[in-house]
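*Asks:* Below is one structure. I have some questions about it.
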Amino acid sequence: MAIATESQQAQLHDLPGEPNLRVYLPEVALAGRRLPVVVQLHGGGFCISHPSWLMYHHFYARLACALPAVVVAVELPLAPERRLPAHIDTGVDGLRRLRSIALSDAAALGDPAAELLRTAADFSRVFLIGDSSGGNLVHHVGARVGEDGADSWAPLRVAGGIPLHPGFVHATRSKSELEPRPDSVFFTLDMLDKFLAMALPEGATKDHPYTCPMGPNAPPLESVPLPPLLVAVAEHDLIRDTNLEYCDALRAAGKDVEVLVNRGMSHSFYLNKYAVDMDPATGERTRELVDAIKSFVDRH
């Protein structure tokens, strides 16, 4: 299946397996050029959404062509049937599946789409990207890979992470959570509370390291082996303050982190295709986000 996006097209392929993968291949990849790999870990508060949803389809097809890169979306388990750390485990399994593809030959793969992925991807430049709760997974999956060491993952290398409006919070409300503002189409306080109650380990609070990696219950960030990070923070996000706190904690720990503040925008604004297409401000902020991601990937 081909998806037209701006001046290019991306081919779409679904690869069933453990876990299921959805792959976007831009035209330049089909011309024999090896491209970086962007692995998407979707949001939804660990409880809802799927890589096939329209909002992801349009943004990540666009991103594949704009970078250009091979974009691989991982189908994640959903709470409450599967609570954390199941989502982190599946993210790591997605990378293991990519490594297996990288190490296989065409005959062993037995799937033309997997062979296209193998020949198009530069597995030494893999970037994790996550929307909302998927941003939490960028942190934790990246840390898992770092703990294993480079030799365990070769030829695959995680070159960077891109948490977009990550779902980092405290058990107590932050100032930005208490500010009166219109509800986002993607995110409300009620959603935040209910989703995390279903997703965190039973009995855990939001101060758990899965949702508060900068808090006192988490390992010191100095000890966490993270790749370079680009963190996007929406100015009007309910969890803006805890997002910025996470960035400040990374800097204090000596981590390589860049911060992009999406001025005037709310949580996951770039996934609202209708606003991106119809509202000039949303469209411009989305272009800035895509450009920042491209710059980060080009430099790493």
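The values are calculated or read from the model by the stated rules, or taken from the named source; none is laboratory data. Every value quoted in this text rests on a predicted model; they were computed, and no experiment measured them. Every residue, glycine among them, receives a Cβ derived from its backbone with ideal geometry; neighbour counts consider all protein chains shown. These area figures cover heavy atoms from the full protein model, side chains too; ligands, DNA and RNA do not enter into them. Shrake-Rupley method; radii C 1.70, N 1.55, O 1.52, S 1.80 Å.
*Asks:* Got the relative contact order for the chain handy, in percent, Cα pairs under 8 Å and 6 or more residues apart?
*Replies:* Numbers: 604 pairs, mean separation 53.4, N = 300.
Relative contact order here is 18 percent.
*Asks:* I would also like to ask the following. Classify region 1-129: rounded, prolate or oblate, from the alpha-carbon gyration tensor (a ≥ b ≥ c, eigenvalue square roots; a/c under 1.5 rounded; otherwise prolate if a/b is larger than b/c)? Could the numbers behind the result be given before it?
*Replies:* On the way: a/c = 1.98, a/b = 1.28, b/c = 1.55.
It comes out oblate by the Cα gyration axes.
*Asks:* Run the numbers for R263 and L54: contour at 0.36 nm per residue of separation, minus the present Cα-Cα distance, in nm. Intermediate results must be reported in sequence, preceding the final value.
*Replies:* Values: separation 209, 0.36 × 209 = 75.24 nm, distance 2.45 nm.
Computed gain between R263 and L54 is 72.8 nm.
*Asks:* Using a Gaussian network model on the chain with a 10 Å cutoff between Cα atoms, which of F59, F186, F123 fluctuates the most?
*Replies:* Checking each option, the largest mean-square fluctuation is seen for F186.
*Asks:* With a Förster radius of 25 Å, plug the Cβ-Cβ distance of S124 and D14 into 1/(1 + (r/R0)^6) and report the FRET value to the nearest 0.05. Can you show the working numbers first?
*Replies:* Working: r = 25 Å, r/R0 = 1.00.
Efficiency, rounded to the nearest 0.05: 0.50.
*Asks:* Let me ask something else. Rolling a 1.4 Å sphere over the protein heavy atoms, what is the accessible area per residue of the chain, to the nearest Å²? Could you put the intermediate results ahead of the total?
*Replies:* Values: 12200 Å² over 300 residues.
Roughly 41 Å² per residue, with all protein chains present.
*Asks:* Same structure again: Given the options M191, M214, M278, which has the most mean-square fluctuation in a GNM of the chain, springs set between C-alpha atoms less than 10 angstrom apart?
*Replies:* In this elastic network of the chain, the residue with the biggest mean-square fluctuation among M191, M214, M278 is M278.
*Asks:* How much net charge surrounds A107 when only other residues with a Cβ under 14 Å from its Cβ are counted (Lys, Arg +1; Asp, Glu -1)?
*Replies:* -2
*Asks:* Can you tell me the dipole magnitude for region 10-294 around its Cα centre, using point charges on the Cβ only (Lys, Arg +1; Asp, Glu -1), in Debye to the nearest 20? All intermediate terms of the calculation are to be shown ahead of the outcome.
*Replies:* Values: 26 positive and 35 negative charges, 75 e Å.
Approximately 360 debye in magnitude.
*Asks:* Classify region 42-86: rounded, prolate or oblate, from the alpha-carbon gyration tensor (a ≥ b ≥ c, eigenvalue square roots; a/c under 1.5 rounded; otherwise prolate if a/b is larger than b/c)?
*Replies:* Values: a/c = 3.76, a/b = 2.35, b/c = 1.60.
Cα axes put region 42-86 in the prolate bin.
*Asks:* Going through the cross-link list K194/K255; K255/K294; K206/K294; K206/K273; K273/K294, which pairs have a Cα-Cα distance over 29 Å in this structure? Spell out each step's value before the answer.
*Replies:* Values: K194/K255 32 Å; K255/K294 20 Å; K206/K294 32 Å; K206/K273 31 Å; K273/K294 20 Å.
Correct reply: K194/K255; K206/K294; K206/K273.
*Asks:* Alpha carbon centre of region 144-158 versus region 96-118: separation in Å?
*Replies:* So the two Cα centres are separated by 19 Å.
*Asks:* Okay, next question. Just to be sure I follow the definition: excluding the sites themselves, where is the longest run in the chain that has none of the GluC sites (Glu not before Pro) in a DSSP loop with at most 12 other Cβ atoms within 10 Å?
*Replies:* 82-201
*Asks:* I would also like to ask the following. If you restrict to DSSP beta bridges whose two residues both lie in region 10-294, what percentage is antiparallel, to the nearest 5?
*Replies:* Values: 10 of 35 bridges.
Taking every DSSP beta bridge with both residues in region 10-294, the antiparallel ones total about 30 percent.
*Asks:* Also, I was wondering about something else. For region 10-294, build the charge dipole from Cβ charges (+1 Lys, Arg; -1 Asp, Glu) around the Cα centre, then report which of P68, F168, L226 sits farthest towards its positive end.
*Replies:* Positive-most Cα among the choices belongs to P68.
*Asks:* Just need log10 I(q)/I(0) for region 10-294 at q = 0.09, 0.10 Å⁻¹, Debye formula, equal scatterers on the alpha-carbon atoms, no solvent, rounded to two decimals.
*Replies:* -0.39, -0.49
*Asks:* Express the carbon and sulfur contribution to the solvent-accessible surface of the chain as a percent, rounded to the nearest whole number, probe 1.4 angstrom.
*Replies:* Working: 6450 of 12200 Å².
That fraction is 53 percent.
*Asks:* Quickly estimate the mean residue ellipticity at 222 nm for the chain, helices only: each DSSP H run with n ≥ 4 gives -39500 (n - 2.57), and the total goes over all residues, rounded to 500. Please report the intermediate quantities before stating the final value.
*Replies:* Numbers: 12 runs with 122 residues, N = 300.
Helix-only estimate at 222 nm: -12000 deg cm²/dmol.
*Asks:* If you find the alpha carbon centre of region 262-282 and of region 200-228, how far apart are they in angstrom?
*Replies:* Using only Cα atoms, the two centres lie 30 Å from each other.
*Asks:* Taking the simple approach of a point 7 Å from Cα along Cα-to-Cβ for both K273 and R181, what is their distance in nm?
*Replies:* The two pseudo-label positions are separated by 2.6 nm.
*Asks:* For region 181-300, what class follows from the C-alpha gyration tensor (a ≥ b ≥ c being the square roots of its eigenvalues): rounded when a/c is under 1.5, otherwise prolate if a/b is larger than b/c, else oblate? Please list the in-between numbers first.
*Replies:* Working: a/c = 2.42, a/b = 1.21, b/c = 2.01.
Oblate, because a/c is 1.5 or more while a/b does not exceed b/c.
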